[in-house]
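Undergrad: The structure is given below, and queries will be raised subsequently.
The values are calculated or read from the model by the stated rules, or taken from the named source; none is laboratory data. Given the structure is predicted, the values throughout are model-derived calculations rather than measurements. All Cβ positions, glycine included, derive from the backbone under ideal geometry; neighbour counts span all protein chains shown. Remember, those area values only see protein heavy atoms, side chains included, never the ligands or the DNA or RNA. Shrake-Rupley method; radii C 1.70, N 1.55, O 1.52, S 1.80 Å.
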Amino acid sequence: MESFEKKLKEYAELLIRVGLHIEKGMELMVYAPVDTADFARMCVSAAYDAGAKEVTVIWSDDYVTRERFLRAEREVFDSVPAWRQELMNGKARAGVPHLFIEATDPMNLADAAPERLLANAQASGRDLEEFRRLETTSFFPWCIASVPTESWAKKVFPDSTPAQAVDRLWEAIFRTVRV
């Protein structure tokens, strides 16, 4: 277990120091599912160890996201909330690095109405156009990191138990990023 924790810490430091090149006085935005809290915290610590001035974490949750897509009023999918537009577009304009920790259940929105998914994607494309433009032109540093979820791991390694599948997916990630 100790070597696993060491690999996690090395992965977090790799993302912060190499992937994003965080230096003294920089800000950092981290977007992470609540299921990855321990790893996200390692990234926060690594950023502060690298000299970050401030680290802001925006949490997401598969359950809450699913409930929103299944039960929220239809019109909420027609625009990105103003606070999120200002946060993401503003931080992008300021050149603040972004770390996206991806760890969602690939089937989480399987039952969501396609028109809701489409409306949400269209609103995001329109309301966060500035963010996407600055992201794709590398105006600010950004990095995507993967953290296994049980559901994702079972999709990749269906012949394994859930715990074995997660372990195998972690090993694949560590091998891929050379940790």
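Undergrad: Suppose the filter is part of a helix (DSSP H, G or I) and surrounded by fewer than 14 Cβ atoms within 10 Å (Cβ to Cβ); does Lys24 pass it?
TA: So Lys24 does not fit the description; no.
Undergrad: Looking only at region 27-72, which residues are free of Cβ contacts under 8 Å to residues at least 24 places away in the same chain and either under 21 Å from Ala92 (Cβ atoms) or assigned to a loop (DSSP other than H, G, I, E, B) (or both)?
TA: Val44, Ala72
Undergrad: Something else about it: Please go through region 79-107 and pick out each residue that is of a type outside the set (Gly, Ala, Ser) and at pLDDT below 95.
TA: Thr104, Asp105, Pro106, Met107
Undergrad: Now for a different question. Does Lys7 fit the bill of being surrounded by fewer than 17 Cβ atoms within 10 Å (Cβ to Cβ), in a helix (DSSP H, G or I) and in contact (Cβ under 8 Å) with a residue 24 or more places away in the chain?
TA: Taking the combined requirement at face value, the residue satisfies it.
Undergrad: Of a type in the set (S, T, N, Q), out of contact with any Lys or Arg (no Cβ under 6 Å at 6 or more places or on another chain) and under 24 Å from Ala113 (Cα atoms): does that describe Ser45?
TA: no
Undergrad: Could you check region 125-141 and list, in sequence order, the residues that are touching a residue at least 24 places away in the same chain (Cβ under 8 Å), under 16 Å from the mean Cα position of the chain (by Cα) and under 26 Å from Phe77 (Cα atoms)?
TA: Selection gives Phe131, Glu135.
Undergrad: Now for a different question. Could you identify the single residue in Val64, Val76 that is open to solvent by 80 Å² or more (accessible area, probe 1.4 Å), at pLDDT 95 or above and more than 15 Å from the chain's Cα centre (by Cα)?
TA: Val64
Undergrad: Let me ask another. Given the criterion closer than 24 Å to Asp78 by Cα and open to solvent by 70 Å² or more (accessible area, probe 1.4 Å), identify the matching residue among Glu150, Glu171, Glu115.
TA: None of the other options fit; the residue is Glu115.
Undergrad: Tally time: how many residues in region 85-104 are open to solvent by 60 Å² or more (accessible area, probe 1.4 Å) and free of Cβ contacts under 8 Å to residues at least 40 places away in the same chain?
TA: Residues flagged as open to solvent by 60 Å² or more (accessible area, probe 1.4 Å) and free of Cβ contacts under 8 Å to residues at least 40 places away in the same chain within region 85-104 amount to 1.
Undergrad: Moving on. Just give me the residues in region 155-166 being open to solvent by 30 Å² or more (accessible area, probe 1.4 Å) and more than 20 Å from the chain's Cα centre (by Cα), in sequence order.
TA: Correct list: Phe157, Pro158, Asp159, Thr161, Pro162, Ala163, Gln164.
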